[in-house]
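Colleague: The structure follows.
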């Protein structure tokens, strides 16, 4: 849930759109209070326009399916409680900071990938479409080229152009 909420924050949709709570059958009062709070929260936020966030939702979904993110989420308890392959137990906050960093990087790479697929082929066009910093886009595209996710296809008007693979 934490990763999904973090992604909703990155997309601009907002972390507060996801609610999850554990409630036992013996906690009827708590269930009623949570239901009221969630209902009020959704009413306050208003109707969600999924079409306006189609690109961001696509990138978030790709990120949650990403192997490195799934691996890190799956290993968090083992590494923070039992230790890594060297027997070192990681501090939970430190591990989650690293996980957040990986999640953010992978989300932005997926967002760039989808923007390229959508037709934004230069760094400046990608910047206009998704609003990321030009240097960050360039750096992430270089990473994506190394993993054969995108490729440099040539120059147009003295600007490098990329294609999604």
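Colleague: Are any of the residues in region 60-67 part of a helix (DSSP H, G or I), over 30 Å from residue 127 (Cα atoms) and either modelled with pLDDT of 90 or more or in contact with a helix residue (DSSP H, G or I) (Cβ under 7 Å, 6 or more places away or on another chain) (or both)?
Modeller: Scanning region 60-67, I find no residue that is part of a helix (DSSP H, G or I), over 30 Å from residue 127 (Cα atoms) and either modelled with pLDDT of 90 or more or in contact with a helix residue (DSSP H, G or I) (Cβ under 7 Å, 6 or more places away or on another chain) (or both), so the answer is no.
Colleague: List the pairs whose first member sits in region 151-165 and is in contact (Cβ under 8 Å) with a residue 24 or more places away in the chain, whose second member is surrounded by fewer than 12 Cβ atoms within 10 Å (Cβ to Cβ) and in a strand (DSSP E or B), and whose Cβ atoms are under 9 Å apart, counting only residues at least 6 apart or on separate chains?
Modeller: 160/153; 160/154; 161/153; 161/154; 161/155; 162/153; 163/153
Colleague: Hey, another quick one. On the basis of being under 20 Å from residue 99 (Cα atoms) and out of contact with any strand residue (DSSP E or B) (no Cβ under 9 Å at 6 or more places or on another chain), does residue 52 make the cut?
Modeller: In short, no.
Colleague: Could you go through region 146-165 and let me know if any residue there is within 16 Å of residue 63 (Cβ to Cβ) and assigned to a helix (DSSP H, G or I).
Modeller: no
Colleague: Another question, if that's okay. Kindly list, by first and then second residue, each pair from a residue in region 21-32 that is surrounded by 11 or more Cβ atoms within 10 Å (Cβ to Cβ) to a residue that is modelled with pLDDT of 90 or more and part of a helix (DSSP H, G or I), limited to pairs with Cβ atoms under 6 Å and residues at least 6 apart or on different chains.
Modeller: Every condition considered, the pairs that remain are 21/34; 23/30; 23/31.
Colleague: Can you name every residue in region 4-20 that is assigned to a helix (DSSP H, G or I), in contact (Cβ under 8 Å) with a residue 24 or more places away in the chain and within 18 Å of residue 55 (Cα to Cα)?
Modeller: Result: 4, 6, 7, 8, 10, 11, 17.
Colleague: Of these, 46, 74, 12, which one is exposed (fewer than 11 other Cβ atoms within 10 Å of the Cβ) and at pLDDT below 90?
Modeller: Criteria check complete, one pass: 46.
Colleague: In this structure, is residue 132 out of contact with any strand residue (DSSP E or B) (no Cβ under 6 Å at 6 or more places or on another chain), modelled with pLDDT of 95 or more, surrounded by 13 or more Cβ atoms within 10 Å (Cβ to Cβ) and not in a helix (DSSP H, G or I)?
Modeller: yes
Colleague: Provide a single number: the residues in region 83-97 that are within 22 Å of residue 11 (Cβ to Cβ) and surrounded by 12 or more Cβ atoms within 10 Å (Cβ to Cβ).
Modeller: 1
Each row is one residue, and each column tells you yes or no for (1) assigned to a helix (DSSP H, G or I); (2) more than 18 Å from the chain's Cα centre (by Cα).
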residue	(1), (2)
24	no, yes
30	yes, yes
39	yes, yes
43	yes, yes
47	no, yes
52	no, no
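Colleague: Going through 80, 39 one at a time, which residue ends up being surrounded by 13 or more Cβ atoms within 10 Å (Cβ to Cβ) and more than 30 Å from residue 134 (Cα to Cα)?
Modeller: 80
Colleague: Further question: What number goes with the only condition from (1) touching a helix residue (DSSP H, G or I) at 6+ places or on another chain (Cβ under 7 Å); (2) in a helix (DSSP H, G or I); (3) modelled with pLDDT under 95 that residue 94 does not pass?
Modeller: (1)
Colleague: Right, another one. Please determine, by comparing only the residues of region 56-71 that are surrounded by fewer than 12 Cβ atoms within 10 Å (Cβ to Cβ) and under 15 Å from residue 99 (Cβ atoms), which one is farthest from the chain's Cα centre (by Cα).
Modeller: Filtering first and then ranking leaves 71.
The values are calculated or read from the model by the stated rules, or taken from the named source; none is laboratory data. Note that this is a predicted model, so its numbers are computed, not measured. Every residue, glycine among them, receives a Cβ derived from its backbone with ideal geometry; neighbour counts consider all protein chains shown.
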